[in-house]
Amino acid sequence: MKTSTLAEGLKGSEIIKIAGEVNALKAQGEVVYNQTIGDFDSSIFPIPKELKSAIVDAYNDDQTNYPQANGMQPLRESVSNYLSRRLGLDYASDEILISGGARPLIYAIYQTVLDVNDKVLYPVPSWNNDAYTYLARNRAVVVETKAENKFMPTADDIKPHIQDVNLIALCSPLNPTGTTFTKNGLLEVCELVVKENKRRASLDLKPLYVLYDQIYWQLTYNETKHYNPVELLAEMRDYTIFVDGISKVFAATGVRVGWAFGPKHVIDKMKAMLSHIGAWSPKAEQMATAKYLKNDVAVSTYLTHIKSELSFRLVEFYKGFTSLKAKGYNVNAIEPEAALYLTVQFDLIGKKTPSREELTTIKEVTSYLLNEAKLAIVPFYAFGTSRDSNWFRLSVGTSKKEEISTIFELLENALRKLS
Ligand SMILES: Cc1ncc(COP(=O)(O)O)c(C=O)c1O
């Protein structure tokens with residue numbers, strides 16, 4: 001039985017396919033170190049206690065009917081203040097749109113600024129832009145980024161396409177790499193966009209917009225600093241639509257509160273679009289988040305805690321890979337900067353397994369690591385790169401600190417067996 005062409009053409013998630021293999025192994029009673037998911041184990045990373053009790057209070061207060069279409073006023077005000085206090089950004093409450101997490105907002109941005117067959121430029125590896133481009137019936141202009149640029153796109157990567165695209169989808173800190181734009185790197189991209197928009201304005205053309213997904217911005221470590229287009233170049237305010245929310249920073253992926261902010265005419269249309277879909281954030285969660293964001297002490301305490309826990313794990317994994325590399329194994333890793341992800345490389349194509357089978361594809365490498373080292377990670381082709389990229393995302397949101405040394409024993413053992 002056929003469904004629409006759009007539905008028939010939707011690609012299954014590669015991450016879910018790997019999850020299937022992980023579950024099959026677990027069903028056989030194996031212990032698997034599943035570092036594939038971009039989520040948290042809530043027994044290790046519960047949401048902030050003040051947020052949890054505010055949610056319960058809001059339900060006890062019967063905050064259970066339809067929320068306002070653009071989000072509850074107290075939450076939009078609270079977000080507006082939060083952005084001003086913590087990022088120095090000045091957005092009024094009517095320039096902010098609340099939704100049930102970040103996903104509906106990204107979907108709405110595509111639907112709002114793009115026409116069918118318009119072109120979207122996005123770098124790969126990156127999260128889900130291929131799906132949103134497909135759903136909005138747009139055409140993709142894919143820029144494959146390089147390890148030496150920490151997999152962030154550069155102005156040079158974007159420049160050849162600038163006159164030809166209608167949206168540039170950027171994300172920093174980036175899922176899947178856990179790396180970030182440098183100040184100059186982002187500024188150069190913004191300068192290109194502003195220059196191009198001057199050209200378009202003179203021809204009365206629709207502007208080139210930038211989707212700036214900064215959902216991980218508060219999870220940066222050590223010297224790493226988060227930058228955004230509008231602070232670097234004020235003219236970017238007319239073209240930048242930000243995506244943000246509580247899912248990652250407060251380990252609240254199941255709470256479903258996200259926000260977009262940007263030019264009011266775009267935000268208003270996104271509101272109209274999403275009100276038909278009804279992708280609102282639950283009212284009680286909105287009221288609770290409004291209260292929580294105002295509690296600076298609680299937020300800062302939680303941030304200190306989650307950042308140190310995530311960064312500890314990322315550094316331990318990074319040190320593990322660095323030490324395997326020093327021992328001569330064909331692995332590598334990029335120093336972690338942000339989010340819950342470590343970028344690791346397994347250069348194992350052409351190696352022979354103990355059963356004398358040659359590893360010929362990245363899929364086989366992924367399966368070898370899973371079966372021999374019980375380590376589940378996601379190859380970058382799941383994030384849109386070519387299928388021969390030998391880089392992977394390792395997520396630490398479900399990792400137990402005490403397991404990390406065992407993971408490296410198993411990994412070294414599995415690597416040693418290859419010839
Ligand atoms: C870069 C990025 N943006 C947005 C999302 C989705 O966030 P939410 O759970 O709030 O929909 C994710 C989730 O993995 C993500 O990695």
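The values are calculated or read from the model by the stated rules, or taken from the named source; none is laboratory data. Since the model is a prediction, treat every value here as computed from it, not as a measurement. Cβ coordinates were reconstructed from backbone atoms using ideal geometry, including for glycine residues, and neighbour counts include every protein chain displayed.
Some points to look at:
- Apart from one condition, GLU30 fits all of (1) in a loop (DSSP other than H, G, I, E, B); (2) more than 15 Å from PHE261 (Cα to Cα); (3) at pLDDT 95 or above; (4) not polar (S, T, N, Q); the exception is (3).
- Meets criteria (touching a Pro at 6+ places or on another chain (Cβ under 6 Å) and within 25 Å of LEU340 (Cβ to Cβ)) for PHE250: yes
- Here is the figure for region 3-20: residues that are modelled with pLDDT of 90 or more and closer than 25 Å to ILE362 by Cβ total 2.
- The strands (runs of 3 or more DSSP E) located wholly in region 87-165 that include 2 or more residues which are within 16 Å of the ligand (Cβ to nearest atom) occupy 96-99, 119-124.
- Identity of the residue in region 166-194, within 16 Å of the ligand (Cβ to nearest atom) and of a type in the set (Val, Ile, Thr), that ends up farthest from VAL230 (Cα to Cα): THR177
- Cβ-Cβ contacts under 7 Å between residues 6 or more apart (or on different chains), taken from a first residue in region 114-143 that is farther than 20 Å from ARG103 by Cβ to a second residue that is small (Gly, Ala, Ser) and part of a loop (DSSP other than H, G, I, E, B), are listed as VAL142/GLY384.
- Of all residues in region 271-290, exactly one satisfies the criterion of being farther than 19 Å from PHE261 by Cβ and of a type in the set (D, E, K, R), namely LYS283.
- Number of residues in region 40-83 that are among the β-branched types (Val, Ile, Thr) and either within 18 Å of MET270 (Cα to Cα) or outside any loop (DSSP other than H, G, I, E, B) (or both): the value is 3.
- Subset of region 42-75 (residues that are within 15 Å of the ligand (Cβ to nearest atom) and under 30 Å from ARG313 (Cβ atoms)): SER42, PHE45, ILE47, LEU51
- Any hit, region 304-315, residues being more than 21 Å from the chain's Cα centre (by Cα) and of a type in the set (Val, Ile, Thr): no
- Within region 189-238, being among the charged types (D, E, K, R) and within 25 Å of the chain's Cα centre (by Cα) holds for GLU191, ASP213, GLU223, LYS225, GLU231, ARG237, ASP238.
- Residue ID - farthest from the ligand (Cβ to nearest atom), chosen from residues in region 199-258 that are surrounded by fewer than 16 Cβ atoms within 10 Å (Cβ to Cβ) and among the small types (Gly, Ala, Ser): SER202
- Answer residue from region 259-281, given it is within 16 Å of the ligand (Cβ to nearest atom) and outside any helix (DSSP H, G or I) and is farthest from LEU89 (Cα to Cα) among those: GLY278
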